[in-house]
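This report refers to the structure that appears directly beneath it.
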Amino acid sequence: MSAGVLAQFTRRPPPPGERCELCGEPLPDEHRHLVDTTRRSLKCYCPPCHLLFTRPGAGQGRFRAVPDRYLTDPGFTLDGDGWKRFQIPVGLAFLFRNSALDRFAAFYPSPAGATESELDPAAWDAVIGSTRLAGLLQDDVEALLLHAEGGKPATCTLVPIGVCYELVGRMRLHWKGFDGGAEARADIEQFFERVSARARPLPAGAEASGAGNPGGAP
């Protein structure tokens, strides 16, 4: 993994008193983010500045506003056979499309930190590529967060990419050994409880727009 890709997963929650990286205004604890698609990094912005980049083509496409939506599809399940096709050795991963590289990337926790997995395009197409959540997924700024445990079918939630950065930061802080340890597992459980509480199920029959479409929110 390149140093630039790894660097984006080391970001910690903003310290008290952090300011908007565009106008310098003080930021609240809960604030919005932009992805710098050139440097592959996440930046903190105030609501008015964030709004400037919500239109397609703003900032010449370099900066993309991160949406604030959490979506699940009650009609989709990912069983053990599907998970095996991704060849991810642990029951936790997130997938997103890197527009600069024109491919999907998968990351999962390991003792070394966030590890990138080679995602077979055929596996993506067969397992998840035709789902409604994959159809709604926006390049660079959203991810599909997968979580499997106890032999149960994996959950799949469309989340803002910043949520995945937060998860990796938490894992780097608590992860021990190959399975993470009790402290990491407890922290991850609390994290997914919050994600589940915010997630909104897609209505039955809702149509998905193409991946990468900034206007694809239902």
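A few points about this structure:
- The Cα atoms of the range 60-102 give a gyration tensor whose axes a ≥ b ≥ c have a/c of 1.5 or more with a/b no greater than b/c, which makes the shape oblate.
- Assigned charges on the beta-carbon of Lys, Arg, Asp, Glu; the range 64-173 dipole about Cα centre (debye): 200
- Accessible solvent surface per residue of the range 54-167, calculated while the other protein chains remain in place, 1.4 angstrom probe, Å²: 43
- Distance between the modelled labels on ASP29 and ARG172, one decimal in nanometres: 2.2 nm (7 Å Cα→Cβ projection).
- Just the protein heavy atoms count here, and of the accessible area of the range 33-108 at 1.4 Å, carbon and sulfur take up 51 percent.
The values are calculated or read from the model by the stated rules, or taken from the named source; none is laboratory data. Note that the structure is predicted; figures quoted are calculated from it, not measured. All Cβ positions, even for glycine, are placed from backbone atoms using ideal geometry, and neighbour counts span all protein chains on display. The area values use the complete protein model at the heavy-atom level, side chains included, leaving out ligands, DNA and RNA. Shrake-Rupley method; radii C 1.70, N 1.55, O 1.52, S 1.80 Å.
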